[in-house]
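J.: First the structure, then my questions, so here it is.
What follows draws every value from the coordinates through simple rules; no lab data is involved. Note that the structure is predicted; figures quoted are calculated from it, not measured. Glycine gets a Cβ as well: all are built from the backbone with ideal geometry, and neighbour counts include every protein chain shown.
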Amino acid sequence: MFDLVASVDTYKDFAPWCVASRIKKWDGPDVFYADLVIGYKMFRERFSSKVVLERPDCIYIEYQKGPLKHLQNRWKFEDMGDNTCVIHFSVEFEFQNVFLQKLATGFFNEVVKRMVSSFENRAAELYGKADKQE
């Protein structure tokens with residue numbers, strides 16, 4: 001799962017609203033800079049971020065440039081010891097535009113659900129489905 005999340009350049013292939021993704025530059029083996037273009041209908045925005053890999057436990061994303069005032073997120077992977085893991089995802093963001101901030105806040109839960117679902121589906125496609133234990 002760490003590798004799936006770290007492969008930012010493949011997000012365009014499965015992440016909702018992601019119309020382009022690329023890794024621009026590596027700064028050593030554990031830091032890279034990436035661009036994402038998010039689009040919906042006529043709306044398109046480019047986000048540039050610094051990504052720090054702390055294999056195999058964490059991935060930190062630091063916002064560099066785009067339509068936001070602030071964006072920071074973290075993926076933390078907790079190995080469950082049976083070829084599964086629990087992922088803890090946190091995100092903080094603030095749009096420069098107050099209207100967009102209110103709009104995004106209202107749809108935030110739905111956006112997160114769709115994003116999580118896209119990563120789960122991609123993992124199932126690449127690695128197979130995990131057996132869920134009750």
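J.: Can you tell me the FRET efficiency between ALA20 and GLU54 if r is taken as the Cβ-Cβ distance and R0 is 41 Å, rounded to the nearest 0.05? Write out the running numbers ahead of the final one.
T.: Numbers: r = 26 Å, r/R0 = 0.64.
So the FRET efficiency works out to roughly 0.95.
J.: So what is the relative contact order for the chain, in percent, with contacts set as C-alpha pairs under 8 Å and at least six apart?
T.: This gives 16 percent for the chain.
J.: Using the alpha carbons of the chain, what is the convex hull volume per residue in cubic angstrom, as a whole number?
T.: 116 Å³
J.: Treat every Asp and Glu Cβ in the chain as -1 and every Lys and Arg Cβ as +1, leave all other atoms uncharged, and give the resulting dipole magnitude about the Cα centre to the nearest 20 debye.
T.: Details: 19 positive and 20 negative charges, 167 e Å.
That gives a dipole near 800 debye.
J.: Counting other Cβ atoms within 10 Å, keep those with at most 14, restrict to DSSP loop, and tell me which trypsin sites (Lys or Arg not before Pro) in region 37-105 are left. Walk me through the numbers before you get to the answer.
T.: Details: sites: LYS41, ARG44, ARG46, LYS50, LYS65, LYS69, ARG74, LYS76, LYS102; in loops: LYS41.
Within region 37-105, the qualifying trypsin sites (Lys or Arg not before Pro) (loop, at most 14 other Cβ atoms within 10 Å) are LYS41.
J.: Roughly what angle does helix 98-127 make with the longest principal axis of the chain, taking Cα atoms, 0 to 90 degrees, to the nearest 10?
T.: Tilt of helix 98-127: around 30 degrees.
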